[in-house]
């Protein structure tokens, strides 16, 4: 089924979007939320399990104190109020990936409430109010076997891997975010980006989106401009890349506008996001939603973090991304706009690591926002997903600085790095990309250029210095770009004007 | 005890068996074999056990004997056999909780209670029958077999720990572990003439007890004597890091309290008789014989120096409805894991049905009537729109009951009542009347809801059947229960000339 879509510009002439995000983050604790099992990613299925995370009869949960600490630190970093008394609750529903028949979560007594996160888009700051931050356990993973798509439809049987079951999961829920207008998709993305930066700074999760460490449910609704009430929202589940967050909001805005334009009602439902097409499709409608029958988890005692501990954690918080950005901006001598470009490209960490690896801030920024951004865009991937490390980029910049390669050669060296041929220096070597020195070969090429273009040479001798460019071009052509243009120019001048 | 016969072995207390084993007068193999022989002879009639592994039991007994022969330091329970209610998870030993849905399941781990008893050198005779998932007061809800009361085999042994009560009363085990959610240790102990103690909530680990109602479940001893109960309780009690609701306090000194109590001096002890549990104006449903025996027991306590007064606990009248909302609510969630996906029964997985159908069929065929009744009740009580009126309200009642106890402790040291309003009833008499069945728990529910300790100790016979006397104490004051129970036991045994249990089958 293909949805009718309205152009985004047109959507905004008639409707005002409200967005909201629920983000799940797998914590990087060594053991699971309620048992001692390892949380290492990628182990053989069902090897990291025990009676507790398999939900065997009689087994009981014991809270992982590290997970509570991480949750509180996230809350503090988001400016939340930390509850002095908080409880777990059972969320009851049947599904094979949930071994106990309920998920141990938090309901009306979350650990952290009422925070906020400021995000910047196009120089404008948007305050995202945080409703709550709570801790729960992850589910297992279903693997549907026998179908073409890996989805449950068409599969002939399913397998369940419980290695992930019980990994601590923090859920961060925003309040509805109104007033973002045309920038709604970018604000959604900027929020998740900023949140991810905070989580990385706190060191509470590896936040590998491709491994599902961070997954966002994206709520979108539209209301006619001027309307006092918000529209009916849809919830696009498990969107797991920054780019997808933005695309999901954009798609839903365009789809919902078409539904409303047709005089129909937006159905309150969960929707699935499809990476390949950037579209969403309908999932469960809320009308048939499960009643989760939440009630306080009787197998666990309430969490009552004392004030002293909270203050200790607050005092020990690391420099947060906003402060770090301000500091780096100053250290790097950038304007706010230049800094925003880096951040919006998701390149702050990459640039800063590249600087740390020895590149100048200007070079690091130029590479990541220029050539590398272009390559990522062409390949349809995130910058960080490019198969090149900040250290390699710094090495490349260093080769240019040292004059070993020029910009054009450096781009060719990058081709090699991205193709997996090794580090830049090794690629320069193996591909023979180094700039030619004042070698016999270059002298010959320079002489040949003068001989081959007597008119031009005469003009230069006659004082039309700018005509020398044509001769430089000729030399570069013969040397297939490997000569250093400045060197060539100097050599030509020596021969033609004696200077 | 050099001339002990097999009958002596199976009618003596576990404490005495432990002494004889320590003194070298008996071997664990002899004791274990005596019980296995008796199980072989009698259990076809009694129906106490769901699983007996004679070979494994004898092997364990041999190991204890060998260790003792080598002069190893052994605990006081070493070599004494024991039965576990089938709700206790035992590594490699079938564990069903009385349900078809777990038929054939062999757990990969031991409950803390089982592990501690193993470490203490006790010998596991077998797993005892029970109402399915501990839901019931007669053991008739077992999916497997009928268990009969050794005092009258046409009558129920109580429940849900009816297999354990029948086994100990019939001499098929010297003692047993039961679990108590709303009275499931105390009521079966009462109707079979045993001592049964429900510890303070959180004082015995729940790790490895197949959960019925997590905020209420506690494991405890079911024994022939008060001292036995205290010894067994000491062996299983104490903090367990695997159970978050476990209280981090030292194991209480209980056997000492029992020994002191047996001395018979209760002077200064303030005893409150709970009006709402069979007192004036609250005698509906209570058998006169039960009330008479209880009154005699109170008089005995007074005779030993206790100050007795009436105490009113008005919220107790609401204990039954509150319990029958809270326990089923928790059960509806605790039993959700039995979905046929990972272990136990799976029905209908023939490729023609989808996941929901297989789960539904498994649960439909795997659970019995009473379990389904409570799952439905609990699901309803937790549903959005009903939660506040049912589960929420029941929690408030629970608070009121706890407050009644708290204010009672200002005036008295223990509260007493009948354990159950009636003696054992005929098998089948209440199976079609769940409300009548639930009424058997009337007196035991308040202590369960408040999480306080309560013991049932025999206080004589009514119409030839045992009557239980309940003693309740403040949280963590389990020793008081043992002290008062031991005093009562000693006074009655002295007056009677023998232990009540010796009267079973007209032996005394």
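The values are calculated or read from the model by the stated rules, or taken from the named source; none is laboratory data. Every value quoted in this text rests on a predicted model; they were computed, and no experiment measured them. Positions of Cβ are generated from backbone atoms using ideal geometry, with glycine treated the same way; all protein chains shown enter the neighbour counts.
In this entry, residue A:20 is excluded by the filter for residues that are more than 14 Å from every other protein chain (Cβ to nearest Cβ) and part of a loop (DSSP other than H, G, I, E, B). Listed conditions (1) closer than 19 Å to residue B:36 by Cβ; (2) away from chain A (no Cβ under 14 Å); (3) surrounded by 24 or more Cβ atoms within 10 Å (Cβ to Cβ); (4) under 22 Å from the mean Cα position of the chain (by Cα) are all met by residue B:118, apart from (3). Here the condition is being more than 14 Å from every other protein chain (Cβ to nearest Cβ), in contact (Cβ under 8 Å) with a residue 12 or more places away in the chain and within 13 Å of residue B:222 (Cβ to Cβ); of B:171, B:163, B:182, B:136, it holds for B:163 alone. Here the stretch A:26-59 is the region considered, the condition is being farther than 17 Å from residue A:103 by Cα and not in a loop (DSSP other than H, G, I, E, B), and the residue that is nearest to the other protein chains (Cβ to nearest Cβ) is A:31. The residue list B:340, B:344, B:366 contains one member that is under 27 Å from the mean Cα position of the chain (by Cα) and at positive phi, which is B:344.
Please go through the stretch B:194-212 and give me each residue that is in a strand (DSSP E or B) and farther than 22 Å from residue B:378 by Cα, ordered by number.
B:195, B:196, B:197, B:198, B:204 - these are the residues of the stretch B:194-212 that are in a strand (DSSP E or B) and farther than 22 Å from residue B:378 by Cα.
Looking at residue B:244, is it closer than 29 Å to residue B:458 by Cβ, within 12 Å of chain A (Cβ to nearest Cβ) and part of a loop (DSSP other than H, G, I, E, B)? It is false that residue B:244 is closer than 29 Å to residue B:458 by Cβ, within 12 Å of chain A (Cβ to nearest Cβ) and part of a loop (DSSP other than H, G, I, E, B). Screening residue A:77 on (1) surrounded by 20 or more Cβ atoms within 10 Å (Cβ to Cβ); (2) more than 28 Å from residue A:272 (Cα to Cα); (3) within 11 Å of chain B (Cβ to nearest Cβ) shows it passes everything except condition (3).
Put simply, of A:293, A:314, A:325 the only residue that is within 14 Å of another protein chain (Cβ to nearest Cβ), surrounded by 12 or more Cβ atoms within 10 Å (Cβ to Cβ) and in contact with a helix residue (DSSP H, G or I) (Cβ under 9 Å, 6 or more places away or on another chain) is A:293. Counting the residues of the stretch B:26-68 that are touching a strand residue (DSSP E or B) at 6+ places or on another chain (Cβ under 6 Å) and without any contact (Cβ under 8 Å) to a residue 12 or more places away in the chain gives 0. In the stretch B:310-346, the qualifying residues are those that are within 11 Å of another protein chain (Cβ to nearest Cβ) and outside any helix (DSSP H, G or I), and the one that is surrounded by the fewest Cβ atoms within 10 Å (Cβ to Cβ) is B:342. Please verify whether the stretch A:477-485 includes one or more residues that are closer than 23 Å to residue A:398 by Cβ and either assigned by TED's automatic domain parsing to the domain that holds residue A:411 or in a helix (DSSP H, G or I) (or both). Yes: the stretch A:477-485 contains one or more residues that are closer than 23 Å to residue A:398 by Cβ and either assigned by TED's automatic domain parsing to the domain that holds residue A:411 or in a helix (DSSP H, G or I) (or both). Of all the criteria given as (1) in contact (Cβ under 8 Å) with a residue 60 or more places away in the chain; (2) under 19 Å from residue B:444 (Cβ atoms); (3) touching a helix residue (DSSP H, G or I) at 6+ places or on another chain (Cβ under 8 Å), the one not satisfied by residue B:254 is (2).
I'm checking my understanding of the structure. Among residues of the stretch A:192-239 that are on the phi > 0 side of the Ramachandran plot and in contact with a strand residue (DSSP E or B) (Cβ under 6 Å, 6 or more places away or on another chain), which one is surrounded by the fewest Cβ atoms within 10 Å (Cβ to Cβ)?
The residue in question is A:238.
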